[in-house]
Structure formats: C-alpha cells, structure tokens
Amino acid sequence: MSYDGSGDGGDAGRAGAAWRSGGGMQSHAFDPLLQPELFRGVLMRRAVAFLIDLVVLCVPVILGYVFIAVFGLITLGLGWMLFWLAWPATLVWAIVYYGATLGGPHSATVGMRVMDLELRTWYGAPSYFVLGAMHAVLFWVSISFLTPLILLVGLFNGRRRLLHDIVLGTVVINSSLQAQAGQPARGY
C-alpha cells in the first residue's frame, strides 16, 4: 500500500488523507494549515451568498405566482387551478438552479460568485450538476431535520465545512485566492 502524503506514515500523517481507487492514500487538495487564506472568512461569505441566492431564487417564483393570479382573474378563476403547480415548480427550479450553477464552469452560484467563493471536491476537482443539486438537497434536509444549529459544525473544523459538505466530500474556498495559488488538476 502506498501513501502519497507527508509524514512518517503513521496515523498522524494520514489525518488529511483519504483512500484512492488505486489502493493508496490521496491527501486533500486544500490544506487549512498550509493555505489558511483559502478558508479565511468563508462562513460569513457563505451566509451572504446564501441570502443573494435566496433573492435570485425568489424573484422568478414570485413572478410565477403573480402570473397565475392575473391569469386566474382573466380566466374568471379557471387559471387559479395552476397554483397547485407552483410548489413543485419551485422545488424543481431550486434544484436546477443549484445543479446548473454549482455544476457550471465557475462551480459557484450567483451569490457565491459575488462573494468570491467556489465549491470544489475534497481532491480539488470542480463540481458537476448532480453534486450541485445534491449539495442543495442535503443542505435543506439537514437544516430541516437537525435544526439550523447544525450550521455551527463549520466553526469546529479547519476547512470551515458544514455537515452537508462533509457528507458529500466538498469544500468551499475563496476563489480569488485559489486562482493565485494555482489550479488543481481536473478530476475527469
């Protein structure tokens, strides 16, 4: 078995490493001890980015509800039967938004791009559509079932990862500083 990290080969040297399909260990692409600037202020920026994304998500939904209301008035109440589609359409819109933006070329939502944040896998590869969609779904599920206090997990780890980041194997970094440090190799 080979080990690609630094250290003496003991458990202490493997703290930032994970198994790789080739049978060896692969270390994390972003180390908070070697690159602390990548994680500085990430939690506060994520909170502001979330609020920006909430506005981006709500504007089309509100316009959709207004359209259905006006359409219902024009059709003498017949168009109001479309209101039952509004809630499922809102969920689909949110999943597609997060999947497309996090899986896009910038690996960031609109709010994350404004705040210079980027979602990466633990080994440095950019995000993809399914990972972006699952990131949103797990976020909403975790705060729904485990209360928003679960967000405090980010205060107790060096990479400032939240519970859904840990489960999915992702990390959010400062993208402006990551570009200066050099781009990691693509994972595909």
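Data table
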{"item": "Computed label-point distance, nm, for sites Phe71 and Gln35 using a 7 Å Cα→Cβ extension", "result": "4.7 nm"}
{"item": "Calculated over the range 34-179: convex hull of Cα atoms, volume per residue (Å³)", "result": "111 Å³"}
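Bear in mind these aren't lab numbers, they're just calculated from the coordinates by the rules spelled out. Here the structure is a predicted model, which is why all the values come from computation and not from measurement. Cβ coordinates were reconstructed from backbone atoms using ideal geometry, including for glycine residues, and neighbour counts include every protein chain displayed.
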